[in-house]
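Trainee: Structure incoming, see below.
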Amino acid sequence: MTRTSFSLLRRSVGVGLLVLGALWLGPACRHLAPVATGPGVFFVAPEGRDQWSGQVAQARGEQDGPFATLARAAQAVRELRQKQGGVFQQPVTVYLRGGTHTLAETWVLTPDLSGSSNCPVTFRAYPGETPVISGGRRVTGWQQVTVQGRAVWRATLPEVAAGQWSFHSLWVNDRRATRSRHPDQGYLKVEGLPPVQGKQDWTDGQAAFRYEPGALMAWPSLTNAEVRVMNRWVESHLPVAGLDPQERLIRFRKRSVFKLDPGDLYYVENLLEALDQPGEWCLDPAGFLYYLPRPGEDPARTEVIAPRLAQLVSFTGQPEAGRFVEQIRFAGLRFAHTEWYFPKGFDQGKDKAEIWPPPAAAVGGFAQAAIGVPGAVRGQGVRQVSFQKCQFTHLGGYGLELGRGCRDNLVARCEFSDLGAGGIKLGETAIRQQPAELAANNEVSDCHIFDGGRLFHSAIGIWVGQSPGNRLLHNHIHDFYYTGISLGWTWGYDAALATNSLVEGNHVHHIGVLANGDGPILSDMAGIYTLGRHTGSVIRNNVWHDSAGLRYGGWGIYFDEGTSDMVAENNLVYRTTHGGFHQHYGRDNIVRNNIFALARDFQIQRTRLEAHVSFSFSNNIVYWRQGDLLNGSYKSNVVFDANLYWQADQAPFNFGGRDLAAWQKLGQDRHARVADPLFVNPARDDFNLQPASPAFGLGFKALNLRGVGVRPEVSEGR
């Protein structure tokens, strides 16, 4: 790899972001370009009317103009299809004018809206404008009141008092406001747990814990609050039932996902007494919303939006019946303002604080990846649908979810940001037996996915379940509390369908620890995490860096739970807390021609010794300044060869307790060298190799990282 190639890596990321930013210009930069009208062209505008024809872009007095709602536009498209004998005779385009298109209910797209390869149906932004498809409602009628000696705003929301509305996010002037929080910065620590009878497994959650002296008080609004506690690789959302100051116990109406441990981090939200920082808000179930304004904010000129809908768009194909929603394109749209929280039935007993302890079903979270949190745009039976240059932002859950029977879809050059959970989910947790019901062959390329896990901290940037043939290409993923990319949903060596995946050209960083320094708060994470069989899958030409775990598990590449037949090659991994590469257990994986640099505790980890070959590790460069080279058991059934090792401070090191000679007597690394790889400037993250690098003599091939992350140009024909 040359100095030029790594410079281009950085430049391409920056240029890609500039190109993405240019797609969503503000009103001052809009240009109104005329568009062709005629059969198959419709318009929707927030100020339109559904009784108009929808075939003109701007209102003509009271006579005609654009539609008012997306539902009416979709109806017009269906009517056109029926008039043309059930098959479109020309491409159909629905232009959304700029402004906020507020949905009263989820926009449902059915198979009878489908286009064809020659005549697709397109929903796109009007040239130069930014339409927002919103599931929220503007909050108005603010009064200024005094709470705890502070001047705050208060709005009355009767639906909240009636139990018909609740929300956990709020956006003020297009910016997520902070739910009132204790402490304002950082985290509190669980001191201990109350005694339990009998043996308790680590998978058994608790409905109480002991807090440290002075951490909590019996505040008057405490039972309106929620504690979010982080444990292992998940977070638990625990509504407060009460507090015992004598025993220093706080009790909840739900159980944690797993058994809590002393030292687990937590904080308290929606506590009125904690409404003490500008930009914070608190929702009183009696029907009052409180907001402590930032300097200069005026209720008459401030836009405050609270979410109402869990889903904005639902594709309702029926793959089991051979009916699909297909050949629809979305371009330049912004999807925003959703709320998802645990529905009734998920946590029975949550509203009955007198039940103590709460029923076993009252669990405050998910066992991994916030997997039950849906996407704001969600589909089943979706084929050959594309999302291009769209934004998914200000959301309470995941952004986009393509589940059962979704295949051959494209998500390109989209931005996912300010996410309550994660970015994209492809596939399901279930293994489908019928080919029509299998999610497969989807592509996510040149997307910018960041600022996730705002509510559900264990969410993933891109999650792929039981789904083969997917391509994750040139995405930029960063600032998640948990994993960047996750592949597979089979624990062990049973049937698994996340095969033939291609993960290439991605730039993934600040996983576990955010760029602003917050975190780590969870453990057992990585830039990329895999589990189950992955025959035909390749992870190559990616950059993974700045991953951090709390107790353990801040890895770059992590082969977990039976990962098998995976190839990881030509990747750059650096600055992780617990290792550049870790394999828990698995079979016949190949790790070759990668650079693993500057891990803190260990460089390479292997946890479980098995009877078969776990992985081969060859032609890699391992470079570090602190910590151990190897961690775990390497007695047998691994293959190391032709690797280059260098401890930058030239401190003594060993190979799992052995010197190099003893390591080679085990049959390992017979062609290895211990030598300086001659990076250009590792202190400045420049891992290009100088021409005289000894790595080339071992067969190492220079990494080609040109264009990693979002590429500056993508063909419109893709």
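Trainee: Take segment 520-567 and flag every residue that is closer than 24 Å to R232 by Cα, touching a His at 6+ places or on another chain (Cβ under 8 Å) and not in a strand (DSSP E or B).
Mentor: Of everything in segment 520-567, those that are closer than 24 Å to R232 by Cα, touching a His at 6+ places or on another chain (Cβ under 8 Å) and not in a strand (DSSP E or B) turn out to be I521, L522, G549, Y552, G553.
Trainee: On the basis of being crowded, with 18+ Cβ neighbours inside 10 Å, of a type in the set (A, V, I, L, M) and closer than 29 Å to R150 by Cα, does L260 make the cut?
Mentor: So L260 fails the test.
Trainee: For segment 677-696, name all the residues that are part of a helix (DSSP H, G or I), of a type outside the set (K, R) and without any contact (Cβ under 8 Å) to a residue 12 or more places away in the chain.
Mentor: Listed by number, the residues that qualify are A683, F696.
A quick yes/no check of all residues on (1) under 23 Å from L703 (Cα atoms); (2) out of contact with any Leu (no Cβ under 7 Å at 6 or more places or on another chain):
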residue: V567; (1), (2): yes, yes
residue: H578; (1), (2): no, yes
residue: H584; (1), (2): no, yes
residue: V591; (1), (2): yes, yes
residue: A597; (1), (2): yes, yes
residue: S633; (1), (2): no, no
residue: A651; (1), (2): no, yes
residue: F655; (1), (2): no, no
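Trainee: Would a scan of segment 109-118 turn up a residue that is at positive phi, of a type outside the set (D, E, K, R) and over 29 Å from the mean Cα position of the chain (by Cα)?
Mentor: no
Trainee: Which condition breaks for T607 when tested against (1) crowded, with 17+ Cβ neighbours inside 10 Å; (2) at pLDDT 95 or above; (3) assigned by TED's automatic domain parsing to the domain that holds G484?
Mentor: Failing condition for T607: (1).
Trainee: Going by what's in this entry, would E326 be described as surrounded by 21 or more Cβ atoms within 10 Å (Cβ to Cβ) and not assigned by TED's automatic domain parsing to the domain that holds G396?
Mentor: no
Trainee: Among the candidates E297, E320, which residue alone is more than 25 Å from Y95 (Cα to Cα), in the same structural domain as D418 (by TED's automatic domain parsing), acidic (D, E) and modelled with pLDDT of 95 or more?
Mentor: Going through E297, E320 in turn, the sole match is E320.
Trainee: Name the residues in segment 47-56 that are over 21 Å from S134 (Cβ atoms) and either surrounded by 15 or more Cβ atoms within 10 Å (Cβ to Cβ) or of a type in the set (S, T, Y) (or both), would you?
Mentor: W52, S53, Q55, V56
Trainee: Here's a check for you: in segment 570-604, which residue that is within 24 Å of the chain's Cα centre (by Cα) and over 14 Å from G553 (Cβ atoms) is surrounded by the fewest Cβ atoms within 10 Å (Cβ to Cβ)?
Mentor: R575
Trainee: For I449, state whether it is outside any loop (DSSP other than H, G, I, E, B) and either more than 11 Å from the chain's Cα centre (by Cα) or not assigned by TED's automatic domain parsing to the domain that holds V227 (or both).
Mentor: Against the criterion (outside any loop (DSSP other than H, G, I, E, B) and either more than 11 Å from the chain's Cα centre (by Cα) or not assigned by TED's automatic domain parsing to the domain that holds V227 (or both)), I449 qualifies.
Trainee: Assess whether R670 counts as being surrounded by fewer than 22 Cβ atoms within 10 Å (Cβ to Cβ), at pLDDT 95 or above and within 22 Å of P682 (Cα to Cα).
Mentor: No: the conditions fail for R670.
Trainee: Continuing with the same structure: Select from segment 676-701 the residues that are more than 22 Å from R575 (Cβ to Cβ) and surrounded by 15 or more Cβ atoms within 10 Å (Cβ to Cβ) and list them in ascending order.
Mentor: Once the filter is applied, which keeps residues that are more than 22 Å from R575 (Cβ to Cβ) and surrounded by 15 or more Cβ atoms within 10 Å (Cβ to Cβ), segment 676-701 yields P694, F696, L698.
Trainee: Residue by residue through segment 59-80, note down the ones that are surrounded by fewer than 22 Cβ atoms within 10 Å (Cβ to Cβ), more than 36 Å from the chain's Cα centre (by Cα) and outside any helix (DSSP H, G or I).
Mentor: Within segment 59-80, A59, R60, G61, E62, Q63, D64 meet the criteria.
Trainee: Under 8 Å by Cβ, and 6 or more places apart or on different chains, what pairs join a residue from segment 538-556 that is closer than 18 Å to A702 by Cβ and crowded, with 24+ Cβ neighbours inside 10 Å with one that is modelled with pLDDT under 95 and not polar (S, T, N, Q)?
Mentor: Every condition considered, the pairs that remain are V543/L9; V543/L705.
Trainee: Let me ask you something else. Looking at this structure, is T429 assigned to a strand (DSSP E or B), surrounded by fewer than 23 Cβ atoms within 10 Å (Cβ to Cβ) and either touching a residue at least 60 places away in the same chain (Cβ under 8 Å) or not charged (D, E, K, R) (or both)?
Mentor: So T429 fails the test.
Trainee: Still on this model: Let me confirm something: among G505, G461, which residue is closer than 19 Å to G365 by Cα and in the same structural domain as Y558 (by TED's automatic domain parsing)?
Mentor: Within the list G505, G461, the selection yields G461.
Trainee: Name the single residue, out of those in segment 188-234 being at pLDDT 95 or above and among the aromatic types (F, W, Y), that is nearest to G512 (Cα to Cα).
Mentor: The residue in question is W233.
Trainee: Considering only segment 230-280, state which residues are under 24 Å from L550 (Cα atoms), of a type in the set (F, W, Y) and not in a loop (DSSP other than H, G, I, E, B).
Mentor: Matches in segment 230-280: Y266, Y267.
Trainee: Another one. Between L472, L455, which is modelled with pLDDT of 95 or more, crowded, with 24+ Cβ neighbours inside 10 Å and assigned to a loop (DSSP other than H, G, I, E, B)?
Mentor: Going through L472, L455 in turn, just one is modelled with pLDDT of 95 or more, crowded, with 24+ Cβ neighbours inside 10 Å and assigned to a loop (DSSP other than H, G, I, E, B): L455.
Trainee: If you check every pair at least six apart or on different chains, which have Cβ atoms under 9 Å apart with a residue in segment 181-200 that is closer than 13 Å to K259 by Cβ first and a residue that is of a type in the set (S, T, N, Q) and assigned to a strand (DSSP E or B) second?
Mentor: V190/N231
Trainee: In segment 432-446, which residue that is surrounded by fewer than 22 Cβ atoms within 10 Å (Cβ to Cβ) and of a type in the set (D, E) is farthest from the chain's Cα centre (by Cα)?
Mentor: E437
Trainee: Then there's this: Out of curiosity, is V268 in contact with a His (Cβ under 8 Å, 6 or more places away or on another chain) and touching a residue at least 40 places away in the same chain (Cβ under 8 Å)?
Mentor: When the stated conditions are applied, V268 passes them.
Trainee: Filter segment 340-380 down to residues that are touching a Leu at 6+ places or on another chain (Cβ under 7 Å), modelled with pLDDT of 95 or more and not aliphatic (A, V, I, L, M) and give me whichever is surrounded by the fewest Cβ atoms within 10 Å (Cβ to Cβ).
Mentor: G379
Trainee: Mind listing whichever residues of segment 298-308 are surrounded by 16 or more Cβ atoms within 10 Å (Cβ to Cβ) and within 15 Å of T100 (Cα to Cα)?
Mentor: Across segment 298-308, the qualifying residues are V304, I305, A306, P307, R308.
Trainee: Still on this structure: Restricting attention to segment 674-685, does a residue exist that is aliphatic (A, V, I, L, M), within 30 Å of L410 (Cα to Cα) and touching a Lys or Arg at 6+ places or on another chain (Cβ under 6 Å)?
Mentor: No, that holds for no residue.
Trainee: Please find, among W153, W165, the residue that is in a loop (DSSP other than H, G, I, E, B) and touching a residue at least 24 places away in the same chain (Cβ under 8 Å).
Mentor: Answer to the check: W165.
Trainee: Based on this model, can you work out whether A439 counts as without any contact (Cβ under 8 Å) to a residue 60 or more places away in the chain, aliphatic (A, V, I, L, M) and either closer than 30 Å to S236 by Cβ or in the same structural domain as L170 (by TED's automatic domain parsing) (or both)?
Mentor: It is true that A439 is without any contact (Cβ under 8 Å) to a residue 60 or more places away in the chain, aliphatic (A, V, I, L, M) and either closer than 30 Å to S236 by Cβ or in the same structural domain as L170 (by TED's automatic domain parsing) (or both).
Trainee: Oh, and also: So, restricting to strands (runs of 3 or more DSSP E) that lie completely within segment 581-635, which ones have at least 3 residues that are touching a Ser or Thr at 6+ places or on another chain (Cβ under 8 Å)?
Mentor: Those strands (runs of 3 or more DSSP E) span 589-592.
The values are calculated or read from the model by the stated rules, or taken from the named source; none is laboratory data. Here the structure is a predicted model, which means the values were calculated and not measured. Positions of Cβ are generated from backbone atoms using ideal geometry, with glycine treated the same way; all protein chains shown enter the neighbour counts.
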